[in-house]
There are 2 protein chains.
Amino acid sequence: MNDGPAKASPTLEDVAREAGVSRATVSRVINGVRNVDPGIQDVVRRAVEATGYVPNRAARSLVTRRAGAVALVVSGAGEDEAAGEGPQAPFRGQVLADPFFGRITTGVVGFLRARGMHPVLMLADSTDARKQVVDYLRQGHADGALLVSTHARDPLPELLVGAGLPCVLFARPARPLPISYVDVAHRDGGALAADHLVARGCQRVASVTGPLDVLASRERLAGFQDAMARHGHPYVPAVEGNFTLESGERAMAGLLAEQPDLDGLFVANDLMAQGALHVLREQGRRVPEQVAVVGFDDSSAAVSSRPALTTVRQPIEEMAAEMTRLLLDRVDQPDRRLTSVIFEPTLVVRQSA
Amino acid sequence: MNDGPAKASPTLEDVAREAGVSRATVSRVINGVRNVDPGIQDVVRRAVEATGYVPNRAARSLVTRRAGAVALVVSGAGEDEAAGEGPQAPFRGQVLADPFFGRITTGVVGFLRARGMHPVLMLADSTDARKQVVDYLRQGHADGALLVSTHARDPLPELLVGAGLPCVLFARPARPLPISYVDVAHRDGGALAADHLVARGCQRVASVTGPLDVLASRERLAGFQDAMARHGHPYVPAVEGNFTLESGERAMAGLLAEQPDLDGLFVANDLMAQGALHVLREQGRRVPEQVAVVGFDDSSAAVSSRPALTTVRQPIEEMAAEMTRLLLDRVDQPDRRLTSVIFEPTLVVRQSA
DNA sequence: GGCACCTGGGAGAGCGCTCTCTGAGTGTGT
DNA sequence: ACACACTCAGAGAGCGCTCTCCCAGGTGCC
C-alpha cells in the first residue's frame, strides 16, 4: 500500500522492509550463502517477487570486485599491422564477418549464458585499440579476456599477461608465453586428409598450404606430409597460398601446370579449396572422379561449393566453450597452474573426395 | 616514495593525495566538467599518469546510473520458435556465424569504440533467454539494446518497450511499435535489379523470392515487379525460396522447367543466387551471356561465386552505426521523439549480370 | 548447572566514485 | 568603500550492495 512511490527500481532495502528482515538476510538468500531459515527464505523470495527486485550489478561489482563479465577480444589485422594477414581474416576490417569468428562467438555465448554471463565484444586492431582493451579490463568492466588473434605476432597477449589480467587464447601463441590456450591438433588434421586421399586410391597428391609464417599452416602441412610419407609417398608438392579464394585459384593453376596428372589435393582451408574447385572445373577435371579435393575448416564455403567439400572440421564451438571455461576457472583461482587443451579434428566426408 | 604499497589499483583518493588536491577536483579534471584551473589540471593529469590510475567503472556506474555499455541482442530462431526461419538465419544455432550478422557487429563496434564503449553480445532464442535479456538490462549492465531479429514475430521488442528500456531495431518491426529502427529501402533494391536487367536487354525475366511472410521479401519483390512493369513487363514469374542455397537450386530448376527461354533473373539473396548459378551451369546455360543473374546482399557468397555475382548491396555497416547512434541518443534523451532511418541500397556490378 | 560450541540473523562499515553544497578568493558596480 | 556576483576548490553525503563482525538463543558435554 504505502510502500513508497517505487518509481525507481527497488533496492535490497525495499525488499528487506517488505519481508520484515534485514538487508543482510535478503542478500544471503539471493546469493545462497550460509544457512538461512527456510521459512524466512520463502518470505524473502516472495518479497523479491512482489517488489520486482533485480540486483544492481554496479553496486555488487563495486564490493565484490568482480564484473561478472568477460571480454571477447578479436585481435585483428589493422592500420599499423598491414602485411601478413592472418589465417581467418582474408579482408581488412571484415574480421567479424568471418564465420570462423562467428562459430567462436557461438561457443562462447553458449557457455556463458548458462551462467547468466555475456561477452563484451572488442576489436584490437591497432596500438590504440590494444591500449583501450587493457584499460577497459583494468577499469573492471570485465574480469578477463578471451583472445582470438588473427595474426601471429599479436602483442596483445603479452600486454595482458604483463598487466596481470586473466586471459585465454584461441590457438597456441607464436612465442611461448605463460598463458592458457585451446587449439586443435593441426597435424592430426593434415594426417586425416592424407589417410582419406590414400584410402580413395590417390597416387599423385599435392597440397595448397596457408601462409607458412603461420604456425597452423606449417602444422597442417607437416601432418599431411608425414602421413603421406608413412603411406609411401615421401615427396608431396606444395604451393603456398594466403587463405583467400584467389590465392587458391592461383595455387591450383600453378600445381596443374607443374603436375598435370594430379589426382588428389589437400587444401589448408575451404575458401582456397573452393578456388581450386573453380580452376579444376574450368580445366575440365571432374571432382572427385579425376581429382579428389579435401579442404580444412568445414566452413559455409564447404557446404555451398559444388561438389560440396570433404573437409577437416575443427570443433570450434567446443573449443570456444572450453576456452571460456578455462578463463572463468582462472578468474576464480588466479594462482592455479596454467592449463591448455588440444582438440582433435574430424573428417567430414562430402562429395569432393 | 612512501606513497603506500599501491598493489591494488589506485583510486581517486590516491591521485588526489599525489596531486595535493581534493577527490572532487580530480574527478572534475577526469570528466572535464566545470572550470578547473589549467595549472591544477596539469598537476592532476601528471598525478594520474604517475599513479597509473584508471577509473573504476562499477563505482562510477553506481552513482551515475549509467552502465556505459549497450547490448547487442540477436533474437534468433530457437527451441520454441522452430518453423519459419528468418531471412539471415538459414541454420539453427548458426545465427552468429552469419556474415550478415558479422557486418552488423562491425558497424556497431566501429561506432561504439570511438566513444570507448563496447557491445555486450546476447542471444535471445527462447522465452528464458528473452527474460534473461530484459533482466540483464534491468540490472543495469547495459543502458539499452540494439536488436537484430531474425524472424518477424519476435516478441522481444515488445518486452523491451514494455519494460521501458531504450531499444533500436535493425529492420522495421512486423507490427507497428513505438520503437526506432533502421532499414534499407528494399523496394528500391528490387527496382535497381530490374533496371539493370532491362538495361542489359533482358526480355524474359523472373524472380526467386525470399519467404513471403517476411516483409523484406515482399518488398524486394514488389519493388522489382513495379519497376519491371514500368519497363513494360507487367507480369514477372516468381518462385518462393527460403533464403537457403538448396531452395535457390530448387527454385531455379522449377523456373527453368516452366520458362526455358529465361534470360534474366533477380534472386532475393546471394546464397539462393549461388544455388541458381549451380543449376544454370549444370543445365549448360552460360551466365551472363544467356541468363543474367542479380543477387541481393553482397555477401561473401557473391564474391566467391563463379561468375561472381552482380548484387544489390545494403550499407549494413552504416546502418548498424546509425542504429547505435540512435540508441545512444535515446539513452541520453529518453523523451525525444522516436526517429527511424531508411538507407538506400546500391548495385554492385560483377560478372553475373 | 556451567561452559563451550554452533546456528542464524542484525548492525554497520565500507567499495570508489559523482555531485551538490559550501565557502574562500577575486572582480565589478555604485 | 561596501555589497554583490562570479569562479573555482573542498567537504561530505550518499549510490546499492557484500561481508565481517557481533550477539541471541539453542544444544551438547562433562
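The values are calculated or read from the model by the stated rules, or taken from the named source; none is laboratory data. Because the structure is predicted, anything quoted here is derived from the model rather than measured. Positions of Cβ are backbone-derived with ideal geometry, glycine not excepted, and every protein chain shown enters the neighbour counts.
Table for the structure above
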quantity	calculated
Condition broken by residue A:46, with the remaining ones in (1) more than 30 Å from residue B:143 (Cβ to Cβ); (2) away from chain B (no Cβ under 14 Å); (3) at pLDDT below 90 satisfied	(3)
Any hit, region B:233-245, residues being within 29 Å of the chain's Cα centre (by Cα), farther than 30 Å from residue A:302 by Cβ and buried (at least 17 other Cβ atoms within 10 Å of the Cβ)	yes
Residue identified as near DNA strand D (Cβ under 8 Å from one of its atoms), closer than 19 Å to residue A:116 by Cα and within 14 Å of another protein chain (Cβ to nearest Cβ) among A:72, A:62	A:62
Subset of region A:259-281 (residues that are outside any helix (DSSP H, G or I) and in contact with a helix residue (DSSP H, G or I) (Cβ under 9 Å, 6 or more places away or on another chain))	A:262, A:263, A:264, A:265, A:266, A:267, A:268, A:269
Residue check, residue A:17 in a helix (DSSP H, G or I), among the charged types (D, E, K, R) and within 12 Å of DNA strand C (Cβ to nearest atom)	yes
Residue list for region A:110-135, filter: part of a helix (DSSP H, G or I) and of a type in the set (Val, Ile, Thr)	A:127, A:133, A:134
Positions within region A:255-277 being touching a residue at least 24 places away in the same chain (Cβ under 8 Å) and surrounded by fewer than 19 Cβ atoms within 10 Å (Cβ to Cβ), in sequence order	A:259, A:261
Of all residues in region B:53-77 being near DNA strand C (Cβ under 8 Å from one of its atoms) and in contact (Cβ under 8 Å) with a residue 12 or more places away in the chain, the one that is farthest from the chain's Cα centre (by Cα)	B:53
Identity of the residue in region B:251-277, within 14 Å of chain A (Cβ to nearest Cβ) and out of contact with any Phe, Trp or Tyr (no Cβ under 8 Å at 6 or more places or on another chain), that ends up nearest to residue B:206 (Cα to Cα)	B:252
Those strands (runs of 3 or more DSSP E) lying entirely in region A:136-250 with at least 1 residues farther than 30 Å from residue B:112 by Cα	A:180-184, A:205-209, A:238-240
Search result, residues across region A:101-143 that are acidic (Asp, Glu) and touching a Pro at 6+ places or on another chain (Cβ under 8 Å)	A:143
Residue count, region A:9-35 (criterion: surrounded by 14 or more Cβ atoms within 10 Å (Cβ to Cβ) and either more than 8 Å from DNA strand D (Cβ to nearest atom) or touching a residue at least 40 places away in the same chain (Cβ under 8 Å) (or both))	11
Residues of region A:307-346 satisfying the condition of being under 30 Å from residue A:200 (Cα atoms) and either among the aromatic types (Phe, Trp, Tyr) or without any contact (Cβ under 8 Å) to a residue 24 or more places away in the chain (or both)	A:343
Scope region A:146-169; condition within 12 Å of another protein chain (Cβ to nearest Cβ) and at negative phi; matching residues	A:146, A:163, A:165
Single condition residue B:252 does not satisfy, out of (1) assigned by TED's automatic domain parsing to the domain that holds residue B:301; (2) buried (at least 19 other Cβ atoms within 10 Å of the Cβ); (3) within 30 Å of residue B:330 (Cβ to Cβ)	(3)
Some residue of region A:73-93 being at pLDDT 80 or above and out of contact with any strand residue (DSSP E or B) (no Cβ under 8 Å at 6 or more places or on another chain)	no
Checking residue B:283 against (1) more than 14 Å from chain A (Cβ to nearest Cβ); (2) polar (S, T, N, Q); (3) surrounded by fewer than 22 Cβ atoms within 10 Å (Cβ to Cβ), the condition it does not meet	(1)
Given (1) buried (at least 20 other Cβ atoms within 10 Å of the Cβ); (2) modelled with pLDDT of 95 or more; (3) small (Gly, Ala, Ser); (4) within 30 Å of residue B:109 (Cα to Cα), number of the condition residue B:185 does not satisfy	(1)
Pair list, Cβ < 7 Å and 6+ apart or interchain, from region B:39-52 residues that are free of Cβ contacts under 8 Å to residues at least 24 places away in the same chain to residues that are within 15 Å of DNA strand C (Cβ to nearest atom) and not in a helix (DSSP H, G or I)	B:40/B:21
Matching residues, region B:22-35, being more than 8 Å from DNA strand C (Cβ to nearest atom) and under 26 Å from residue A:58 (Cβ atoms)	B:25, B:29, B:32
